[in-house]
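Below is one structure; the comments refer to it alone.
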Amino acid sequence: MDLYSIIDTLIAERNRIDRIIQSLDAGGAAGAGRRKAGKPARAGAKRPGRKSMDPQARQDVSERMKRYWARRRSADAAGTSEGAPDATSTAFHVNGAAGGQDRES
């Protein structure tokens, strides 16, 4: 390939990338909500993310977790832990090495 053909290929690639960027900026793709530079975010706009719980749902979760932890405490007291590692377990060494193997210094 000669130099001019390489330059033509690179320009064509740049133009293709420019068209993709323009379509994304215009909202051509799902979830493309990029703000333009220099425009501030809307004041008071809610961030997408977790939904808030109503008081009844929060109470339901609270009761469910109380029952969960009560069962865990009773199982631990009876000595029938459900696979939770205890303080004497050697599955993971203090430094995070698997199998409790010491690393050479």
Out of all the residues in the stretch 57-66, is one or more of a type in the set (A, V, I, L, M, F, W, C), over 25 Å from the mean Cα position of the chain (by Cα) and modelled with pLDDT of 60 or more? no
Check whether at least one residue in the stretch 5-15 is at pLDDT 65 or above, surrounded by 10 or more Cβ atoms within 10 Å (Cβ to Cβ) and in contact with a helix residue (DSSP H, G or I) (Cβ under 9 Å, 6 or more places away or on another chain), and report yes or no. no
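The values are calculated or read from the model by the stated rules, or taken from the named source; none is laboratory data. In this text, all values refer to a predicted model and were calculated from it rather than measured experimentally. When we count neighbours, we look across all protein chains shown, and the Cβ atoms used for this are built from the backbone with ideal geometry, even at glycine.
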